[in-house]
Amino acid sequence: MIIINYFYRILYLGLFIFTLFACSSTTSSTRFNDSEKDSDKKVKDYGRYQANSVSDDSLIVFEDDDFPESEDPGDLPEDESQIDISAVMKNLDKNREEESLPLSTKKDLMIMEIIKYMNTPYKFGGNSLNGIDCSAFTQSVFKNSWMLNLNRSAREQFKQGIPIENRSNLKFGDLVFFNTRRRVKPGHVGIYIGENLFAHASTKLGVTISSLDHEYYNKRYMGARRIEEEE
């Protein structure tokens with residue numbers, strides 16, 4: 001009887017030790033897997049942070065450079081109020097006397113072209129007064145007013161011209177870029193016209209005038225490029 005009781009004690013002890021190690025191994029494995037997941041999450045979050053933390057004057061090479069824009073729609077603000085073009089023209093007229101005649105004439109040509117497209121509806125892939133997207137708008141305005149050729153997409157236009165290091169150095173006619181898409185960056189482009197305003201083809205409002213001070217654009221501003229004649 002004593003031997004049987006001793007045998008059962010040994011058996012119970014063995015089962016207890018086996019259960020203990022089995023639980024520890026499972027817990028360790030779970031913790032390891034959780035650690036891997038946390039590590040992967042940190043990498044993804046870091047990548048997302050890097051993509052949204054673009055310096056104003058940096059030319060970024062993105063992993064999704066060949067990702068089609070049609071599959072990554074922009075997300076422009078819906079609460080944006082339209083800016084009166086007549087008020088913009090008055091401000092431009094005030095500065096006209098301080099500029100040389102060639103510069104004023106050059107500015108006039110671009111302003112006239114921008115006005116021609118005002119209120120044109122947005123159409124992805126469009127390039128006419130019946131419908132136009134942001135990069136086709138900038139391309140058409142530059143071609144028809146200054147006889148300068150721009151690439152077709154915002155991300156390709158971002159590779160052209162001279163980087164403007166500081167937003168305070170923006171001049172009339174500079175291209176301004178924004179991070180408005182999830183994978184295609186930059187996802188939006190417009191033309192700076194002074195007074196912190198820019199003309200662009202908005203997905204919500206069509207061709208319109210917006211302010212760089214608007215919270216949405218201020219947060220997503222990526223940088224600017226100055227297109228010279230040699231381009």
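Every number here is computed from the coordinates shown, using simple stated rules; none is lab data. Computed from a predicted model, the values in this text were never measured in an experiment. Here the Cβ is made from the backbone with ideal geometry for all residues, glycine too, and neighbour counts use every protein chain on show.
Here is how the numbers come out for the structure above:
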quantity	calculated
5 angstrom amide H check on residue 223, placed H, neighbours 5+ away	177
Above-threshold pairs, the threshold being 28 Å between Cα atoms, out of 116/171; 143/219; 143/185	143/219
Long-range amide H partners of residue 206 with built H, under 5 Å	122
Interchain or long-range residues, amide H under 5 Å from residue 126's placed H	133
Over region 128-231: Rg over Rh, Cα atoms, Kirkwood Rh	0.92
HN-Hα J in Hz across region 198-205 - Karplus 6.51, -1.76, 1.60, θ = phi - 60°, x for Gly and Pro	9, 9, 6, 9, 8, 5, 8, 10
Relative pair counts by distance (%), Cα atoms of region 123-176, 10 Å bins	24, 50, 23, 3
Within region 113-133: backbone nitrogen closer than 17 Å to the residue 89 label point (7 Å, Cα to C-beta)	113-120
Inter-probe distance in nm under a simple model that places probes 7 Å from Cα toward Cβ, at residue 105 and residue 147	1.2
